[in-house]
Amino acid sequence: DVSSPKHGKTDLDNMPHVGGNVWAGGTGGRDTAGLGGKGGPYRLDAGHRVYQVSQAEKDAVPEDVKRAAREMAEKAFKQRLKEIQMSEYDASTYERFSGAVRRQVQSLRIILDNLQ
């Protein structure tokens, strides 16, 4: 069961972590920032294969935990904007322009990776 969202511990060796309730950047777990899990405050990709929990498990997360996760994510987002000296208006403008060319940028990245 989920209890409360948190960032989680940072693994300095960047080992893959699947499931559990401990590591930031893990996959398929609960309560911590990562991918494919449930109840975490925000997505955090550590570059490992993603293990996905079912949508039914995600839907079963209590509303108070979802609300706490959203609040924590919003706080982390605002903190990150402050660190990079960007306003919320700047972020929304950037997202609007970035979204318009996202597919083309991804295609270009694939081409450049293959050329390397």
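The values are calculated or read from the model by the stated rules, or taken from the named source; none is laboratory data. What you are looking at is a predicted structure, and each value in this text was computed from that prediction instead of being measured. Positions of Cβ are generated from backbone atoms using ideal geometry, with glycine treated the same way; all protein chains shown enter the neighbour counts. Remember, those area values only see protein heavy atoms, side chains included, never the ligands or the DNA or RNA. Shrake-Rupley method; radii C 1.70, N 1.55, O 1.52, S 1.80 Å.
Couple of notes before you dig in:
- Test: residue in segment 37-58 that is in a strand (DSSP E or B) and out of contact with any Pro (no Cβ under 7 Å at 6 or more places or on another chain): yes
- Within segment 55-82, being among the aliphatic types (A, V, I, L, M), under 17 Å from residue 32 (Cα atoms) and either touching a strand residue (DSSP E or B) at 6+ places or on another chain (Cβ under 6 Å) or open to solvent by 70 Å² or more (accessible area, probe 1.4 Å) (or both) holds for 60, 61.
- When residues of segment 83-112 are limited to those that are assigned to a helix (DSSP H, G or I) and of a type in the set (A, V, I, L, M), the one least open to solvent (accessible area, probe 1.4 Å): 91
- Subset of segment 86-116 [among the hydroxyl-bearing types (Ser, Thr, Tyr) and either in contact (Cβ under 8 Å) with a residue 60 or more places away in the chain or closer than 24 Å to residue 76 by Cα (or both)]: 87, 89, 92, 93, 94, 98
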